[in-house]
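As structure tokens, the structure follows; a few thoughts come after it.
The values are calculated or read from the model by the stated rules, or taken from the named source; none is laboratory data. Just so you know, these numbers come straight off a predicted model, no measurement behind them. Cβ sites come from the backbone with ideal geometry, for glycine too, and all protein chains shown count toward neighbours. SASA here: full protein model, heavy atoms, side chains in, ligands and nucleic acids out. Shrake-Rupley method; radii C 1.70, N 1.55, O 1.52, S 1.80 Å.
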Amino acid sequence: MKVIPIQAARVPAAPFAGGPLTDTRGRWLRDLRISVTDRCNFRCVYCMPREVFDANHPFLPHSQILSFEEIARLARVFVGLGVKKIRLTGGEPLVRKQVPRLVAMLAELPVEITLTTNGSLLARQAQALADAGLDRVTVSLDSLDDATFRAMNDADYPVAKVLEGIEAAAAASLAPVKINMVVKRATNDHHILPMAEHWRGSGHIVRFIEYMDVGSTNGWRMDDVVPSSEVVRRISERWPLEPIDPNYPGEVAERWRYRDGAGEIGVISSVTQAFCASCNRMRLSTEGSLFTCLFAQSGHDLKRLLRGGASDEELRAEIAAVWQRRDDRYSEIRTAETAKQRKIEMSYIGG
Ligand code: SF4
């Protein structure tokens, strides 16, 4: 698989003088997504296709991935730069051992801590994660139909286990649980209504995600995308919906509520309704590189500074410099050609 260039940290960036940290498009740095592992026990066809991520795939050795102490130190620097929310991702974050220990370290910071998981290991860990200080959890679930779900996660894993994980999360007061369904035409789009129906009135929130050209290995085609407008129309024809305001500026999902009071859904429309103008997310990869966009083609190595004895001030200056130079807007410029470009794999930086 092609290697993504990682730019070594340039000469130490000028100290960041403080104040609002904005990029070249005036976007604030608000959310940090931290990938704690590049490994996963699923092989979802739109993220880690098995033919690429096979038994010979060179996953990162433990010595190369950031320790919890290194992650917590960087998180503290990011919070000092204005980060309000940290999302733990992977690969599948819960395949890494002792994630509750990392959550407890991050819980010392004035920041919201969330986690995105495929739910397969959640039932066993939900209470420990909540006790450690996790605020919320998002679970990926692409269908309630076992055959379709197994076809999409290509790991022969039953839906029932993921539903158990969601129940355990709710019991551990990690509710409302957000449930992410990636919709791919002629693969699972016929399960949009059953998914909506199942979670109506549950208090949990399903978000329907447009299938994206993440990475360079999922064979993405525009024909396989079901636009969010179609998802909303299909559901609204059955249960009328109305739009509601975002919870905060830059929220990824567009919110819709059922007129009959049965709760809300969300749609995430990176392909048909780009939201780059308010994108306030930075990503930290498993081995300590910064990525300023989900569709980035290169990253910025922070680990060399971190393990090279840099002070918090130097790390702060470097992170600020990376953000201040940022001008990403991939979803606004996506074409069939750009979709074929070499891009960082989502499993390496988290969704
Ligand atoms: S394409 Fe990149 S810049 Fe645009 S919303 Fe997604 S992550 Fe942000």
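A few notes on this one:
- Lone unmet requirement of (1) within 10 Å of the ligand (Cβ to nearest atom); (2) modelled with pLDDT of 95 or more for residue 244: (1)
- Candidate set from region 263-280 (those that are out of contact with any strand residue (DSSP E or B) (no Cβ under 8 Å at 6 or more places or on another chain) and open to solvent by 40 Å² or more (accessible area, probe 1.4 Å)); member that is farthest from residue 201 (Cα to Cα): 277
- Scanning region 310-319 for residues that are assigned to a helix (DSSP H, G or I) and surrounded by 15 or more Cβ atoms within 10 Å (Cβ to Cβ) gives 314, 315, 316, 317, 318, 319.
- Test: residue in region 17-28 that is at pLDDT 95 or above and buried (at least 21 other Cβ atoms within 10 Å of the Cβ): yes
- Residue within region 52-70 that is open to solvent by less than 20 Å² (accessible area, probe 1.4 Å) and within 22 Å of residue 164 (Cβ to Cβ) present: no
- Taking the criterion of being in contact with a Leu (Cβ under 8 Å, 6 or more places away or on another chain) and free of Cβ contacts under 8 Å to residues at least 60 places away in the same chain, the residues of region 108-120 that qualify are 113, 114, 115, 117, 119.
- Across region 225-247, the number of residues qualifying as closer than 20 Å to residue 277 by Cβ, assigned to a loop (DSSP other than H, G, I, E, B) and touching a residue at least 40 places away in the same chain (Cβ under 8 Å) comes to 1.
- Residue within region 320-343 that is crowded, with 19+ Cβ neighbours inside 10 Å, more than 16 Å from the ligand (Cβ to nearest atom) and aliphatic (A, V, I, L, M) present: yes
- Within region 213-262, tally of residues that are under 12 Å from residue 184 (Cα atoms), in contact with a strand residue (DSSP E or B) (Cβ under 9 Å, 6 or more places away or on another chain) and open to solvent by 30 Å² or more (accessible area, probe 1.4 Å): 1
- Whichever residue in region 150-174 is open to solvent by less than 10 Å² (accessible area, probe 1.4 Å) and at pLDDT below 95 and, among such residues, is farthest from residue 187 (Cα to Cα): 153
- Flag if residue 202 is part of a helix (DSSP H, G or I), hydroxyl-bearing (Ser, Thr, Tyr), closer than 22 Å to residue 246 by Cα and touching a residue at least 24 places away in the same chain (Cβ under 8 Å): no
- Residues in region 312-332 that are more than 13 Å from residue 26 (Cα to Cα) and of a type in the set (Asp, Glu) were compared, and the one that is nearest to the chain's Cα centre (by Cα) is 332.
- Being under 26 Å from residue 95 (Cβ atoms), within 16 Å of the ligand (Cβ to nearest atom) and assigned to a helix (DSSP H, G or I) is a condition met by no residue of region 286-303.
- Here residue 307 fulfils each of the conditions (1) open to solvent by 50 Å² or more (accessible area, probe 1.4 Å); (2) modelled with pLDDT of 95 or more; (3) within 14 Å of the ligand (Cβ to nearest atom) apart from (3).
- Residue check, residue 349 touching a helix residue (DSSP H, G or I) at 6+ places or on another chain (Cβ under 9 Å) and within 22 Å of residue 64 (Cα to Cα): no
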